[in-house]
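First up is the structure itself, then whatever we jot down about it.
The values are calculated or read from the model by the stated rules, or taken from the named source; none is laboratory data. This structure is a prediction, so every number in the text was calculated from the model and none was measured. Here the Cβ is made from the backbone with ideal geometry for all residues, glycine too, and neighbour counts use every protein chain on show. Just so you know, the surface numbers come from the protein's heavy atoms only, side chains and all, with ligands and any DNA or RNA stripped out. Shrake-Rupley method; radii C 1.70, N 1.55, O 1.52, S 1.80 Å.
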Amino acid sequence: QVQLVESGGGLVQPGGSLRLSCAASGIMFSIYTMGWYRQAPGKERELVATKTKTGSTNYADSVKGRFTISRDNAKNTVYLQMNSLKPEDTAVYYCRAWLSVSANYWGQGTQVTVSS
């Protein structure tokens, strides 16, 4: 079955960095658009960044210049490098693999807390 397993979350001080990883199994990883989304308490889930199979990227305005999405098709893994973290980046971060309406998968999420 399809599994997306996120890791790398944790507690970090404002201005710090974290790198999230999402290891995928059960899918032909290289043909999927991979993305990171986040959900803060009391808010809707929102897009953070996506990277298509051809390498095109898309970022939320709030993270442009601070976050970088990358993927390693040989390792079936997508990453999110987060720099200059702010308290408002605190959320549960989810990995998503999307190919079509019927081939749309989510990870279980990893908590990121930015606080001094």
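General observations
- Simple rule: put +1 on each Lys or Arg Cβ and -1 on each Asp or Glu Cβ in the chain, find the dipole, and look at Tyr32, Val114, Val63; the Cα lying farthest toward the positive end is Tyr32.
- The convex hull around the C-alpha trace of the chain, projected and averaged over every direction, spans 6.9 square nanometres.
- Summary value for the stretch 1-111: 34 percent relative contact order, contacts being C-alpha pairs under 8 angstrom separated by 6+ residues.
- Residue-by-residue Karplus 3J(HN,Hα) for the stretch 27-43, coefficients 6.51, -1.76, 1.60, Hz, glycine and proline x: 9, 7, 3, 5, 9, 8, 6, 10, x, 10, 10, 9, 9, 8, x, x, 10
- Close lysine pairs were tallied over the chain: pairs 8 or more places apart or on different chains with Cα atoms under 24 Å apart number 9.
- Per residue, the chain exposes 52 Å² of accessible surface when a 1.4 Å probe is rolled over the protein heavy atoms with every protein chain present.
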